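Enquirer: One structure coming up, written as structure tokens, with questions to follow.
The values are calculated or read from the model by the stated rules, or taken from the named source; none is laboratory data. This one's a predicted model, so the numbers in the text were calculated from it and none came from an experiment. A quick note on method: Cβ atoms are made from the backbone with ideal geometry, for glycine too, and the neighbour counts reach across all protein chains shown.
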């Protein structure tokens, strides 16, 4: 069950299937994905009211940021009106957010919201089911750094452990267990003695969720605002004036607007090398929990865009830009779509590595 699911995710999916079958007159069947690595998981529901299919997105331990990313992924996915979010637990606050966004969901505790005519189901108030299981190393901070490298440079799957560790910025001893888990999840396969990356788009969706929930917070991320008299659009020139073009990457909405040469930069992410306080002083940033600028450490050596850019300030790679736009919610939907179509879709068009 579930080609790209961890053991915990498989158990959660089984619990959710059992909860759906407990609804009066409801039959629920899991549909195995086809041979194409891009084929999604699906559920078939049947009852006195008729029958319908859902495409399934399974994500565990959703935070507010994670829910925002999942909503964006579903809304910008291939079938936003027939997608089902499957998870271990949805709190009351997150359930309201999902319903307001028009996202159907079911959790392992028995909570559910299915709003696809002629099927209407609303179950709430069920408590979390506590379960201990093996944690996924591939989607913890070190694993997410390595997954980013593989998505950014698919040929890196063939590299030595030492090269992977150095380029991703993680401990050498972490590489082997992470790669083995990715193989178990069918994101890597062995062909002629070489590792090959597959199911890249699904891996991207999982990486983006992990970036917002786990990797970005681990990078000492803090919110800031600019000193009076400065605008977010002034940041590229300020970075250049301070001689910081090699140590600071422009990301988030500002980086996307610069790369696409369109849109209004109402927020930004800045990825820095060195000392946080020194960076803040030189760029005139003031800590502010409601600020529109996210400041965080850089990771690895493949985080920057290597193509053309309109200014001397360096821009974060489109993989990072897209993940950071997900955290901005619906306000960035148009930019997300344009960025994906222009810069990410070509990367994921071919599953086979030449």
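Enquirer: Do we have any residue at all in segment 138-147 that's closer than 22 Å to residue 198 by Cβ, surrounded by fewer than 21 Cβ atoms within 10 Å (Cβ to Cβ) and in contact with a helix residue (DSSP H, G or I) (Cβ under 8 Å, 6 or more places away or on another chain)? First the steps, then the outcome.
Expert: First, the residues of segment 138-147 that are closer than 22 Å to residue 198 by Cβ: 138-140, 142-147.
Now narrow it down to the ones that are surrounded by fewer than 21 Cβ atoms within 10 Å (Cβ to Cβ): 140.
Narrowing further to those that are in contact with a helix residue (DSSP H, G or I) (Cβ under 8 Å, 6 or more places away or on another chain): 140.
Checked segment 138-147: at least one residue is closer than 22 Å to residue 198 by Cβ, surrounded by fewer than 21 Cβ atoms within 10 Å (Cβ to Cβ) and in contact with a helix residue (DSSP H, G or I) (Cβ under 8 Å, 6 or more places away or on another chain).
Enquirer: On the basis of being in contact with a strand residue (DSSP E or B) (Cβ under 8 Å, 6 or more places away or on another chain), assigned to a loop (DSSP other than H, G, I, E, B) and closer than 20 Å to residue 186 by Cβ, does residue 5 make the cut?
Expert: Values: in contact with a strand residue (DSSP E or B) (Cβ under 8 Å, 6 or more places away or on another chain): yes; assigned to a loop (DSSP other than H, G, I, E, B): yes; closer than 20 Å to residue 186 by Cβ: yes.
Spelling it out, residue 5 is indeed in contact with a strand residue (DSSP E or B) (Cβ under 8 Å, 6 or more places away or on another chain), assigned to a loop (DSSP other than H, G, I, E, B) and closer than 20 Å to residue 186 by Cβ.
Enquirer: Would you mind finding the one in 11, 61, 24 that is modelled with pLDDT of 85 or more, in a loop (DSSP other than H, G, I, E, B), farther than 14 Å from residue 202 by Cβ and under 24 Å from the mean Cα position of the chain (by Cα)? So that I can check it myself, show each step before the final result.
Expert: Values: 11 fails: in a loop (DSSP other than H, G, I, E, B); 24 fails: under 24 Å from the mean Cα position of the chain (by Cα).
Every option except 61 fails the conditions.
Enquirer: Name every residue in segment 64-94 that is surrounded by fewer than 21 Cβ atoms within 10 Å (Cβ to Cβ), at pLDDT below 90 and closer than 17 Å to residue 213 by Cβ, in order of residue number.
Expert: Result: 64, 65.
Enquirer: Right, something else. Under 9 Å by Cβ, and 6 or more places apart or on different chains, what pairs join a residue from segment 277-298 that is on the phi > 0 side of the Ramachandran plot with one that is in a strand (DSSP E or B)?
Expert: Listed pairs, sorted by first residue: 284/226.
Enquirer: Here is a follow-up. Could you grab me the full set of residues in segment 305-327 that are over 19 Å from residue 210 (Cα atoms), modelled with pLDDT of 90 or more and in contact with a strand residue (DSSP E or B) (Cβ under 8 Å, 6 or more places away or on another chain)?
Expert: 305, 313, 314, 315
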